[in-house]
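These notes are about the structure you will find just below.
The values are calculated or read from the model by the stated rules, or taken from the named source; none is laboratory data. None of these values were measured; they are calculated from a predicted model. Don't worry about glycine lacking a Cβ; one is built from the backbone with ideal geometry, like all the others, and counts go over all protein chains shown.
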Amino acid sequence: MSLFCDWDANRGNIKGRVVMFLFRLAAWCRSLPAPFWWITIPYLAWYEVAIIWSLGIELRYKTKVGAGLGLFHAQALVVHEGTQIGPRCILRQSTTIGAKRLADGTQSACPVLDVGVDVGANVVILGAVRIGARAVIGAGSVVVRDVPAGAVVAGNPARVIRQN
């Protein structure tokens, strides 16, 4: 995948462009076979400090992310590395996407976002849920169940308010 595959999705958003470029570079470094990726450890450490700690954008380089991810106002963004994000998705600030602790103390699987999912600000998506293609998650929603393709959901817990 190209280092610039998210460039158009972040047009006019220099922070989004830089963060996604650095994310793609970190993912590429980690995909190198051993011992070659070992020489990239200083960059991976820098990515951890600069992007994850300093900017508060927890987008780990192990996360599977399709081309064209748009990061709008990326701050306080937490994405579990087991999450799968399809192409042409949008994530906004103060969003958490990840596993949840089950009753037996283990962690659930992580969410899967299909193609073109638009996630509003301050959204929480937890557990083994699938967000269907072109779904829209309203700001402040808490998603703990699957969302059908083309649906607009909002609320806590999120409910379908419109189906396209």
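Given the options 120, 116, 150, 98, name the one that is surrounded by fewer than 19 Cβ atoms within 10 Å (Cβ to Cβ) and of a type outside the set (Ser, Thr, Tyr).
Just one listed residue meets the conditions, 150.
Need pairs with beta-carbon distance below 7 Å; first residue at pLDDT 95 or above and within region 17-29, second part of a helix (DSSP H, G or I) and among the polar types (S, T, N, Q); sequence gap 6+ or separate chains.
17/10; 20/10; 29/40
Based on what the data block shows, is residue 161 free of Cβ contacts under 8 Å to residues at least 24 places away in the same chain, touching a strand residue (DSSP E or B) at 6+ places or on another chain (Cβ under 8 Å), surrounded by fewer than 16 Cβ atoms within 10 Å (Cβ to Cβ) and not basic (Lys, Arg)?
yes
Would you mind finding the one in 139, 121 that is in contact (Cβ under 8 Å) with a residue 40 or more places away in the chain, in a loop (DSSP other than H, G, I, E, B) and either under 13 Å from the mean Cα position of the chain (by Cα) or within 17 Å of residue 6 (Cα to Cα) (or both)?
121
Please indicate, with yes or no, whether at least one residue in region 41-48 is in contact with a Phe, Trp or Tyr (Cβ under 8 Å, 6 or more places away or on another chain), modelled with pLDDT of 95 or more, of a type outside the set (S, T, N, Q) and closer than 20 Å to residue 126 by Cα.
no
Considering every residue within region 51-71, establish whether at least one is in contact (Cβ under 8 Å) with a residue 24 or more places away in the chain and closer than 17 Å to residue 138 by Cα.
Yes, there is a match, as at least one residue in region 51-71 is in contact (Cβ under 8 Å) with a residue 24 or more places away in the chain and closer than 17 Å to residue 138 by Cα.
Does residue 48 meet the test of being surrounded by 14 or more Cβ atoms within 10 Å (Cβ to Cβ), assigned to a helix (DSSP H, G or I) and acidic (Asp, Glu)?
Yes; evaluated as a whole, the condition is true for this residue.
Quick one: would you say residue 17 is under 17 Å from the mean Cα position of the chain (by Cα), of a type in the set (Lys, Arg), surrounded by fewer than 20 Cβ atoms within 10 Å (Cβ to Cβ) and over 25 Å from residue 142 (Cα atoms)?
yes
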